[in-house]
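The values are calculated or read from the model by the stated rules, or taken from the named source; none is laboratory data. Source: prediction; values computed, not measured. Here the Cβ is made from the backbone with ideal geometry for all residues, glycine too, and neighbour counts use every protein chain on show.
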Amino acid sequence: MPTFQYEAMDASGQQVTDVVDAADEAEAQLTIRQMGYYVTKISVKKAKKATAARTGGKGKSFVLGGVPTKILSMFTRQLSILQDAGLPILRSLRILETQQKPSRLKNALIDICDDIESGSTLSESMARQPKAFDRLYVNMIKAGEAGGALEVILRRLAEFMEKSQSLKRKVKGAMVYPIMVITVATGILVFIMYQIVPQFIQIFKDFDAELPAMTLWLIAMSNWVQDNWYLIPLVPMSIWLFVKLVRKFRAGRFGWDLFSLKVPIAGQIVEKNITARTTRTLGTLIASGVPILEALNITRETSNNAMFEYMYGKIYESIREGESIAKPMKEYSRPKFNLVALFFWTFFVPGIGILLYLMRMNRRVVDDLVVNMVDVGEETGELDTMLYKVADNYDEEVAVLTESLVSLLEPLLIIVLGLMVGFIVIALFLPLISLIQKLS
């Protein structure tokens, strides 16, 4: 909606200069007359002048990357509060833009304000900023504008983003401890192998002691670490780069995503996390008034897993042919044999990887609970409510599974570290005990 700058006279003959938002000049003049003013001059306020006045003549800052989810969630919550208070959308955006530090979001808000002043809608303006606002965000805003309930949609969108961020934060927070323990333990063991063990080796050579098998094995490992220490960080980095390269191809991405869904324990967390996110996304879009086909398309694109993308793509095709959601969801949630997935199982789980894959490959990625809840939602016309319930249930299951995994890892890490340290101590002191006995 464009902004008109006007000059007018009030009832006492005083000159008034202000701005008003209106669809066209006739509507702007009518609005000004209803305020009790007599218009003497009116014109569309130009975007460039507005930008210069707003930013003090400064241009946008140079930034890289997108907008962090936490920042975007906070912005959405603040915008919903300003809209609930009844402020015009342009003024709300200007207020939030001035509060932002130089960032991608601030640059996007400057452009959005300019576009709105030039006559564009909020959804159209946000669609021109794909690095700040994704397709889900834009379509929900568009639905809110069409239904005249933008403040409700913003509040719903803020809740959606906050819940997604909360779950992600719980999972990341729970994994910090085991990752730190493994990293520090690896560093300590490498230090022992590189610095401590060679000194004992020299002692054993000086005394020409006969070494047991455990000590010989420890010496061999120490020699390998000294000769190939650079491989310790290089191997995991190479595997990570290899997986990234394979995922660039469609078949490789599908195979890796299937592998990640089928890994014991960790695969369940990934699967339930994606199920929770996709059902909450679909429920939020449907509740906001987005057409079901568009909602399914957006959910498919935001799932970030090739298997779920395939399933939602098939559901999309079935809906176009007049079927329900539950039937194709049950049918296409069962993966087929995938050669790339078999390769990853063989590579990461040598020996029994093929057997594990054949045992787990036909298990559906969506449980009967989800299918039944969706079926009930379609029958009762409460599909969005049922999808919310599924998402809440799986959010809780992900949190419980993550806590259980961490609780299981803590004693396992302690036991493994104890065995490794015990092995090193015994392997080093057995020859020393033998030497002391000979000397005595």
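Give the residues of region 230-269 that are modelled with pLDDT under 90, in a helix (DSSP H, G or I) and within 25 Å of Val171 (Cα to Cα), sorted by residue number.
Residues satisfying the conditions are Pro233, Pro236, Lys262, Ala266, Gly267, Gln268, Ile269.
Going through region 204-224 one residue at a time, which ones are under 20 Å from Gly187 (Cα atoms) and at pLDDT below 80?
none
If you go through region 140-174, how many residues are buried (at least 19 other Cβ atoms within 10 Å of the Cβ) and in a loop (DSSP other than H, G, I, E, B)?
Total meeting the criteria: 0.
Does Val406 satisfy the criteria of being among the β-branched types (Val, Ile, Thr), in contact (Cβ under 8 Å) with a residue 12 or more places away in the chain, closer than 30 Å to Phe343 by Cα and not in a helix (DSSP H, G or I)?
Details: among the β-branched types (Val, Ile, Thr): yes; in contact (Cβ under 8 Å) with a residue 12 or more places away in the chain: yes; closer than 30 Å to Phe343 by Cα: yes; not in a helix (DSSP H, G or I): no.
Against the criterion (among the β-branched types (Val, Ile, Thr), in contact (Cβ under 8 Å) with a residue 12 or more places away in the chain, closer than 30 Å to Phe343 by Cα and not in a helix (DSSP H, G or I)), Val406 does not qualify.
May I ask you to list pairs of residues, at least six apart or on different chains, whose Cβ atoms are under 8 Å apart, with the first in region 412-429 being within 14 Å of Leu211 (Cα to Cα) and the second being exposed (fewer than 14 other Cβ atoms within 10 Å of the Cβ)?
Pairs that qualify, where the first residue is within 14 Å of Leu211 (Cα to Cα) and the partner is exposed (fewer than 14 other Cβ atoms within 10 Å of the Cβ), are Ala427/Trp217.
Filter region 179-200 down to the residues that are without any contact (Cβ under 8 Å) to a residue 24 or more places away in the chain and more than 13 Å from Leu428 (Cα to Cα) and list them by number.
Ile179, Met180, Thr183, Val184, Gly187, Ile188, Phe191, Gln195
Which condition does Phe343 not pass, out of (1) surrounded by 12 or more Cβ atoms within 10 Å (Cβ to Cβ); (2) over 25 Å from the mean Cα position of the chain (by Cα); (3) outside any helix (DSSP H, G or I), if it passes all the others?
(3)
Are any residues in region 119-133 over 14 Å from Leu93 (Cα atoms) and either surrounded by fewer than 17 Cβ atoms within 10 Å (Cβ to Cβ) or in contact with a strand residue (DSSP E or B) (Cβ under 6 Å, 6 or more places away or on another chain) (or both), and if so, which ones?
Gly119, Glu124, Arg128, Pro130, Lys131
Among the residues in region 224-242, are any over 30 Å from Lys438 (Cα atoms), of a type in the set (Asp, Glu) and assigned by TED's automatic domain parsing to the domain that holds Asn362? Lay out the reasoning, then the answer.
First, pick out the residues of region 224-242 that are over 30 Å from Lys438 (Cα atoms): 224-242.
Checking which are of a type in the set (Asp, Glu) leaves us with 227.
This time we only want the ones that are assigned by TED's automatic domain parsing to the domain that holds Asn362, so: 227.
Yes, some residue in region 224-242 is over 30 Å from Lys438 (Cα atoms), of a type in the set (Asp, Glu) and assigned by TED's automatic domain parsing to the domain that holds Asn362.
Which residue out of Glu382, Glu378, Glu403 is in the same structural domain as Ile192 (by TED's automatic domain parsing), surrounded by fewer than 16 Cβ atoms within 10 Å (Cβ to Cβ) and under 25 Å from Asp257 (Cα atoms)?
Numbers: Glu382 fails: under 25 Å from Asp257 (Cα atoms); Glu378 fails: under 25 Å from Asp257 (Cα atoms).
After ruling out the rest, the residue left standing is Glu403.
Each row is one residue, and each column tells you yes or no for (1) hydroxyl-bearing (Ser, Thr, Tyr); (2) surrounded by fewer than 18 Cβ atoms within 10 Å (Cβ to Cβ); (3) under 20 Å from Tyr310 (Cβ atoms).
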site	(1), (2), (3)
Trp217	no, yes, no
Gln226	no, yes, no
Leu231	no, yes, no
Met237	no, yes, no
Leu245	no, yes, no
Arg250	no, yes, yes
Phe254	no, no, yes
Ser260	yes, no, yes
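Limited to region 76-133, what total is found for residues that are closer than 23 Å to Gly65 by Cβ, among the aliphatic types (A, V, I, L, M) and in contact (Cβ under 8 Å) with a residue 40 or more places away in the chain?
The initial filter retains those residues of region 76-133 that are closer than 23 Å to Gly65 by Cβ, namely 76-79, 93, 96-115, 125-133.
Still in the running and among the aliphatic types (A, V, I, L, M): 79, 93, 96, 105, 108-110, 112, 126-127, 132.
With the extra rule that they be in contact (Cβ under 8 Å) with a residue 40 or more places away in the chain, the set shrinks to 79, 108, 110, 132.
Adding up the residues that qualify gives 4.
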